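Just below is one structure, and these are the notes that go with it.
Every number here is computed from the coordinates shown, using simple stated rules; none is lab data. Keep in mind that what you see is a predicted model, and the values were worked out from it rather than measured. Here the Cβ positions follow ideal geometry from the backbone for every residue, glycine too, while neighbour counts run over all protein chains shown.
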C-alpha cells in the first residue's frame, strides 16, 4: 500500500520534524511524483542501474547450502554484487538523480557503517554534486576504511560527537544540518526511515530487488517462493524485497532484527521484539525507549543493524501480521557468515548474515519442494577486519593454515 | 493569580513600551538544586519562563542546549523529577511557565497524562518543536480542555503555512529567527521582520522571536518589532560553567548570570532601538 495523505502506513509514519523542514518535505513529495513520471528521468535511472550499478543482480541457487541443510531450496538474491557492494546504491542513484533533476547542487547523508555514505559519495561523484556525510565518531573509528573511501570519492565526512556517536546521532545531526541548509541541499536518507515521504521514496527505489526476484523465481521455478527472509535495521533492503510480494499472501515474509547479545540483555537492536511505539527521526514507529520516551542506544555486531528504530512500513506490516519479525543474535550471524563463506564462496555482509542465519534455522523444517529466498543485501569485505578481531578475541582460529 | 493560557497572553500583551523577556533553561541542568537556583534568578527578570524537559535526541537544538540536556539526564533527571522542579519554581514565582520538550516523551507518556501532570505542576503551556501543525491536532484538543497554551513555531520557510499556524496559537507564536537549530548567532535572516509582521497580522496572541539570540543588542533589535524575545543557549551555558565550577567560583557565576538576565531585560525597551 502507499502511505495516506498524511504519510501514514496505518498508524505509522507521519512527519514529526521542525517546522522549517515541512515545506521542503511537501516540495520533495511533489518533486518525486512529478520527476519519476518523466521518461527522460526513467531512461537515465534505468541506464545507471544497469550499466553503472550492474543490475539486474542474479537470483542464485545455493546448491551446497541447500544440500547441507537438507530442506527447502535456498536462493540468494545477490545484492552484494552491486557496485559499492550492497543494495544501498539502488536508492542513492534514485535520490541522487532526483536531486539533480530538482536543481540541487549539494547532497547530504547520514551513515552508520559507511555503506550508505559510500553509496551517496559515489553517486555524488558521478553526478557532480557536492557531498557531506555525517557519521558518528564511534563509527568513524570502527569503519576507518569506509571513511577513506568517502574521502577518495570527494565527500566531506563530518564526525558526530553528540549522544553515543553512532548512526542515531549521525541521523540527528544530518537532520539538524538539513534544517540549516534546506534551501540548497538535498538530504539523501539511507533507509526506509525518517519523515514522510522518505520511507515511501526509498522503498520505491528499492522495490527493484523484489520486482527482479519475482520475475527471476517465476522463470527459474515457475512459482513464487514459500518464504522470503531479509535483515532489518532501518529496513530498506527488506522493504524493497517484500513490497512486490505483499499481495501474494502465500509468500511468508520474515524480517530479521539484530538481537545482539540476546533480546533479554540490554544489548540488542530488536525494535519490534523489544521496542514500543514512539517517534524517532520524524516518524511514528517501533523503537527502543524507556518509560519516559528517552531513546535507548542499540547494539549489534553489525553496524548496519545498530539502530534503535525501524521503518514505519515495517511497523505496519508487523502490526497487520503480513510480515513476521524475528531476532538473530551476534553469534548466530557470525556462524552464518562463516558457513556461507565456506560452503558457497560468498562472504556476506554481517547484516545479510542475520537473514541467512534465520534461513538456516528454518530451511531444515521445510520440505525439499519448498523455496526459500534470502536477500543477500551486501558483501562482507567491509566486515572482514572486525570478524577477524572478534574471532581472535574468542580464541577461534580458522584452521587450515600450515 | 491567573494561570494557563491567559496568564501567558497577559504577561506578553500588556507590556506596551517594551517586549517580554522569555529565558530558557533545561530542567535539572546541571543538577536539580542549581537548576532551581538559576530559575530563582530568572524569575526576577522574566515575563515568561521556558523550562526544557531534557530529551535524549533533541533534533531542534544546537550544541549548547544538547549539552545542557545531557548534563541534566546524566544527573538523573526524568519526567517526574522535571514536574517536581516546575512545582518547586511555582512555590516562589508566579511567572508563567512553558514546558519545552519533544514529541516522543509526550507521546510515550500519553498526551492527556503528560499535559495534566504539567498543568498540575504549574506549567501554563507547552512547546514541542518536532510536532508540526499537521501532527498537533490531538495535543491542541487536550490543551484546550486544560486551558493551557499552545505555542507553535513558525519559520522562515513556512510560506503560506505561517498564517494557518499562527491562528492555532493560544499563548504566543514562536517565530524562528534563522534557518537552523538553537544556538548563538551573529545576525538574523533579513526576512525576519517581514515574517513577524505577517504572523502578527494573522494571530490573536503575542508574537515572540527565538533561536540565535544571545546579546543585549539583539534583544534590543528584536524588541523593536516583536512582543517577546526568547533567549536559550546563552543562559544554558552558565549551567555548564556551574557544573565545573570550584565552590568559591559559584557566586561569581551566579552573579554573572543575574547580570546577564538583568541586561537582557533592560534591553527590551521598544524605544531603545540601536541606531
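(1) more than 13 Å from chain A (Cβ to nearest Cβ); (2) touching a residue at least 40 places away in the same chain (Cβ under 8 Å); (3) not in a loop (DSSP other than H, G, I, E, B): which one isn't true of residue B:170, the others all being true?
(3)
Only one of A:298, A:283 is touching a residue at least 60 places away in the same chain (Cβ under 8 Å), within 12 Å of chain B (Cβ to nearest Cβ) and either under 14 Å from residue A:232 (Cβ atoms) or surrounded by 24 or more Cβ atoms within 10 Å (Cβ to Cβ) (or both). Can you tell me which?
On the way: A:298 fails: within 12 Å of chain B (Cβ to nearest Cβ).
Step by step, each of A:298, A:283 is checked, and only A:283 is touching a residue at least 60 places away in the same chain (Cβ under 8 Å), within 12 Å of chain B (Cβ to nearest Cβ) and either under 14 Å from residue A:232 (Cβ atoms) or surrounded by 24 or more Cβ atoms within 10 Å (Cβ to Cβ) (or both).
Can you pull out the residues in the range B:157-167 that are at the interface with chain A (Cβ under 7 Å from one of its Cβ atoms) and in a loop (DSSP other than H, G, I, E, B)?
Scanning the range B:157-167 gives B:157, B:158, B:159.
Answer yes or no as to whether residue A:328 is in contact (Cβ under 8 Å) with a residue 24 or more places away in the chain, away from chain B (no Cβ under 14 Å), touching a helix residue (DSSP H, G or I) at 6+ places or on another chain (Cβ under 9 Å) and under 30 Å from residue B:80 (Cβ atoms). Give the derivation first.
Values: in contact (Cβ under 8 Å) with a residue 24 or more places away in the chain: yes; away from chain B (no Cβ under 14 Å): yes; touching a helix residue (DSSP H, G or I) at 6+ places or on another chain (Cβ under 9 Å): yes; under 30 Å from residue B:80 (Cβ atoms): no.
No: the conditions fail for residue A:328.
Select the helices (runs of 4 or more DSSP H) contained entirely in the range B:15-99, then report the ones holding at least 2 residues which are more than 14 Å from every other protein chain (Cβ to nearest Cβ) and either touching a residue at least 40 places away in the same chain (Cβ under 8 Å) or at negative phi (or both). Give the derivation first.
Numbers: elements: B:32-42, B:63-74, B:79-92.
Helices (runs of 4 or more DSSP H) meeting the threshold: B:32-42, B:79-92.
So, in the range A:344-365, how many residues would count as being within 14 Å of residue A:377 (Cβ to Cβ), out of contact with any strand residue (DSSP E or B) (no Cβ under 8 Å at 6 or more places or on another chain) and surrounded by fewer than 24 Cβ atoms within 10 Å (Cβ to Cβ)?
0
Out of curiosity, is residue B:198 away from chain A (no Cβ under 14 Å) and closer than 17 Å to residue A:23 by Cβ? Outline the logic, then answer.
Numbers: away from chain A (no Cβ under 14 Å): yes; closer than 17 Å to residue A:23 by Cβ: yes.
So residue B:198 passes the test.
Could you check residue B:239 against (1) surrounded by 16 or more Cβ atoms within 10 Å (Cβ to Cβ); (2) without any contact (Cβ under 8 Å) to a residue 60 or more places away in the chain and say which number it fails?
(2)
May I ask you to list the residues in the range A:286-295 that are facing chain B (nearest Cβ under 8 Å) and either in contact (Cβ under 8 Å) with a residue 40 or more places away in the chain or not in a strand (DSSP E or B) (or both)?
A:291, A:292, A:293, A:294, A:295
Would you tally the residues in the range A:7-40 being in a helix (DSSP H, G or I) and either over 30 Å from residue A:218 (Cβ atoms) or over 24 Å from the mean Cα position of the chain (by Cα) (or both)? I'd like the intermediate steps shown before the answer.
To start, the set of residues in the range A:7-40 that are in a helix (DSSP H, G or I) comprises A:19-35, A:39-40.
Right, trim to either over 30 Å from residue A:218 (Cβ atoms) or over 24 Å from the mean Cα position of the chain (by Cα) (or both) and you get A:19-31, A:34-35, A:39-40.
Residues flagged as in a helix (DSSP H, G or I) and either over 30 Å from residue A:218 (Cβ atoms) or over 24 Å from the mean Cα position of the chain (by Cα) (or both) within the range A:7-40 amount to 17.
Consider the range B:179-209. How many of its residues are over 16 Å from residue B:225 (Cα atoms) and surrounded by 16 or more Cβ atoms within 10 Å (Cβ to Cβ)?
Residues in the range B:179-209 being over 16 Å from residue B:225 (Cα atoms) and surrounded by 16 or more Cβ atoms within 10 Å (Cβ to Cβ): 7 in total.
Give the range B:100-116 a look and list any residue that's away from chain A (no Cβ under 12 Å), touching a strand residue (DSSP E or B) at 6+ places or on another chain (Cβ under 8 Å) and assigned to a helix (DSSP H, G or I), or say none.
B:115
Please give the number of the condition residue A:278 fails out of (1) within 14 Å of chain B (Cβ to nearest Cβ); (2) not in a strand (DSSP E or B).
Of the numbered conditions (1) within 14 Å of chain B (Cβ to nearest Cβ); (2) not in a strand (DSSP E or B), the odd one out for residue A:278 is (2).
Got a sec? Which of A:303, A:355 is at negative phi and assigned to a loop (DSSP other than H, G, I, E, B)? Outline the logic, then answer.
On the way: A:355 fails: assigned to a loop (DSSP other than H, G, I, E, B).
Every option except A:303 fails the conditions.
Scanning for something under 18 Å from residue A:19 (Cα atoms), surrounded by 18 or more Cβ atoms within 10 Å (Cβ to Cβ) and facing chain A (nearest Cβ under 9 Å), does the range B:135-143 turn up at least one residue?
yes
Could you tell me which residue of the range A:308-322 is farthest from the other protein chains (Cβ to nearest Cβ), considering only residues that are under 28 Å from residue A:247 (Cβ atoms) and surrounded by 24 or more Cβ atoms within 10 Å (Cβ to Cβ)? Lay out the reasoning, then the answer.
Filtering the range A:308-322 down to residues under 28 Å from residue A:247 (Cβ atoms) leaves A:309-322.
In the following step, the residues that additionally are surrounded by 24 or more Cβ atoms within 10 Å (Cβ to Cβ) were identified as A:309-315, A:317.
On the way: A:309: 10, A:310: 15, A:311: 17, A:312: 13, A:313: 18, A:314: 18, A:315: 14, A:317: 21 Å.
Here the answer is A:317.
Check whether at least one residue in the range A:227-245 is buried (at least 24 other Cβ atoms within 10 Å of the Cβ), over 21 Å from residue A:57 (Cα atoms), more than 14 Å from chain B (Cβ to nearest Cβ) and touching a strand residue (DSSP E or B) at 6+ places or on another chain (Cβ under 9 Å), and report yes or no.
yes
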